[in-house]
There are 2 protein chains.
Amino acid sequence: MGRLKISPVVKMPIEVQATTALRNAIVSGAIRAGERITEIQISQQMNLSRATVRTALHQLAKEGLLTLVPYTGWTVVSLSAEDVWELYTLRSAVERLAAQLVASTITPAKAARLTEALDVLIQECKRGDTARIAEADFGLHKTIVLLTDHGRLGFQYGLIEQQTRMHIRSSYAIIPSPKRIIEDHRPIVEAICAGKADLAGRLSEQHHLAEGEKHLAHLKRLEKQEPAKTSAAAPRSARKRAPAT
Amino acid sequence: MGRLKISPVVKMPIEVQATTALRNAIVSGAIRAGERITEIQISQQMNLSRATVRTALHQLAKEGLLTLVPYTGWTVVSLSAEDVWELYTLRSAVERLAAQLVASTITPAKAARLTEALDVLIQECKRGDTARIAEADFGLHKTIVLLTDHGRLGFQYGLIEQQTRMHIRSSYAIIPSPKRIIEDHRPIVEAICAGKADLAGRLSEQHHLAEGEKHLAHLKRLEKQEPAKTSAAAPRSARKRAPAT
DNA sequence: GCGCTGGCTATTGTCGCCAATCGACACACC
DNA sequence: GGTGTGTCGATTGGCGACAATAGCCAGCGC
């Protein structure tokens, strides 16, 4: 009597499912940045008790996707220039660490996975579909982070990624040319695979700082052309110069 | 008719107060690492509804202080060697970024605050009380992070700090000599105040990696002397070598 | 003696309802 | 017209009760 060919049912509390569905709705743009939402509205749409929805919303607030004014309401964050600066500087630090960790523990198997992810990115760049290029780009970076086998780093990276995705969807992000994307990413992967931790870390950090600064300058130009849009949400910080490296 | 001299009442929802009280209880060691707690037990002790306590516990789980097995119970995390590795590597990256950011935007006022925090640390090292030295040490690092004016960085640092504090309380942490502490910290502060972002970042990163590795080696020696203690909690990761720099 | 099954207990999950708070608006007074 | 006060509606905060789940233990069959 062998094993039956039945897929296991994955049990998941409703709270967790609600959190996941709401996170996806926010990150995908189905619920827009800056939008006000209420527990009542969401509980009716999801056919769940308000308390269950409330737990989910609190979780997402902790992830930086929502802000709550007690007794008043919830707002999906809308990222200001300062938020953008925070995200790309933090991402540069996290990804520097990831590149260093993977490079210092590189194995043929890890190198193969990295090379494969880079190949996917290169193929998408040749195809030219910007959405698929962006996905492959995220995929390569996620692979580096996953190869660290560092749970907290992966968690932190996930928070940064989802906020970055939200922002890209709700703004007029500039997309580097496919040629440039390949030129930027290949040396990072090569340094990691060659076990050059210091070089890999520096290249990775530089890549994100450079892209972040370009994007920020672009946003500033857009702001000059339009009335300032009110920014809900994340703690405001004064903009600082990027760290010299 | 001018302003009355009455201090404003700081309103804080009970949920937030409960979260803060529980966080303090965990970080201070009043609730021990590895301990199992239940919503019912905590709600009775705090004289609050279980639902309120539940919200608080979920928040703290998100901060990495607790883990939940659905329908079964909550456990205060007990940090394994792998967790320690994760914390100090992540801390090294975060503090590297902080040092770089402050150094690249240094002002006389910031330099004064940093120098003051270093002076406090030096004074405590002369006094020799290890608890006060540790507090002054944390205080200096927190000052650097706060001077970045980077909300997300401060939040991330706070998570690392509280988990580190928990671990220090629940383990036989080795404390560096006061002389060594001064030798390690002074060059970091000097580099930051001199606006040398690259040097400040490297020194800061190195400081945490070196201390972390020493501590980890110490833990490994302790583990060899005792039966393995079961580790609740945080995602397990394989130990990796520290990144070369 | 071992493995399986069922029942019980203890816990978290989810619900609906009452309580507390905030913001907007109307009204009264100066 | 401006300011202060009170009320109301909309929202979140907090509660206790019922539902769902997991783990443990006793009993039974082989």
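From the list B:Arg91, B:Arg23, the lone residue that is away from DNA strand C (no atom under 15 Å from the Cβ) and in the same structural domain as B:Ile144 (by TED's automatic domain parsing) is B:Arg91. Screening the candidates B:Val16, B:Val10, B:Val27, B:Val84 for the property of being out of contact with any Ser or Thr (no Cβ under 9 Å at 6 or more places or on another chain) and within 30 Å of A:Arg96 (Cβ to Cβ) yields one hit, B:Val27. Is it the case that A:Glu190 is at pLDDT 95 or above, assigned to a helix (DSSP H, G or I) and surrounded by 20 or more Cβ atoms within 10 Å (Cβ to Cβ)? No, not satisfied.
Screening B:Ile144, B:Ile175, B:Ile160 for residues that are part of a loop (DSSP other than H, G, I, E, B) and either within 12 Å of another protein chain (Cβ to nearest Cβ) or within 16 Å of the chain's Cα centre (by Cα) (or both) leaves exactly one candidate, B:Ile175. Which is basic (Lys, Arg), at pLDDT 95 or above and away from DNA strand D (no atom under 13 Å from the Cβ), of A:Arg96, A:Arg132? Residue meeting the stated conditions: A:Arg96. Checked against (1) open to solvent by 30 Å² or more (accessible area, probe 1.4 Å); (2) within 16 Å of DNA strand C (Cβ to nearest atom); (3) on the phi < 0 side of the Ramachandran plot, A:Trp74 meets all criteria but (1). For B:Thr38, the stated conditions do not hold, so it cannot be described as under 20 Å from the mean Cα position of the chain (by Cα) and within 13 Å of DNA strand C (Cβ to nearest atom).
Among the residues of the range A:65-86, the one identified as at the interface with another protein chain (Cβ under 7 Å from one of its Cβ atoms) and not in a helix (DSSP H, G or I) is A:Pro70. Here B:Ala112 fulfils each of the conditions (1) touching a Cys at 6+ places or on another chain (Cβ under 8 Å); (2) over 28 Å from B:Leu219 (Cα atoms); (3) in a helix (DSSP H, G or I) apart from (1). Just one of the listed residues (B:Thr52, B:Thr89) is of a type outside the set (A, V, I, L, M, F, W, C) and more than 10 Å from chain A (Cβ to nearest Cβ), and it is B:Thr52. Selection of the range A:16-54 for residues being within 15 Å of DNA strand D (Cβ to nearest atom) and among the hydrophobic types (A, V, I, L, M, F, W, C) yields A:Val16, A:Ala18, A:Leu22, A:Ile26, A:Ile31, A:Ile37, A:Ile40, A:Ile42, A:Met46, A:Leu48, A:Ala51, A:Val53. Of the residues A:Ala112, A:Ala98, A:Ala33, A:Ala117, the single one that is open to solvent by 20 Å² or more (accessible area, probe 1.4 Å), within 30 Å of A:Leu209 (Cβ to Cβ) and in contact with a Ser or Thr (Cβ under 8 Å, 6 or more places away or on another chain) is A:Ala33. Put simply, of A:Glu211, A:Glu205 the only residue that is under 17 Å from the mean Cα position of the chain (by Cα), facing another protein chain (nearest Cβ under 10 Å) and modelled with pLDDT of 50 or more is A:Glu205. Only one of the numbered conditions (1) modelled with pLDDT under 95; (2) more than 17 Å from A:Leu121 (Cα to Cα); (3) assigned to a helix (DSSP H, G or I) is violated by A:Ala228, and that is (3).
The values are calculated or read from the model by the stated rules, or taken from the named source; none is laboratory data. Remember, it's a predicted structure, so these values are computed and weren't measured experimentally. We place every Cβ from the backbone using ideal geometry, glycine too, and count neighbours over all the protein chains shown. Ligands, DNA and RNA are stripped out before the accessible areas are found, and what is left, the full protein with its side chains, is counted by its heavy atoms. Shrake-Rupley method; radii C 1.70, N 1.55, O 1.52, S 1.80 Å.
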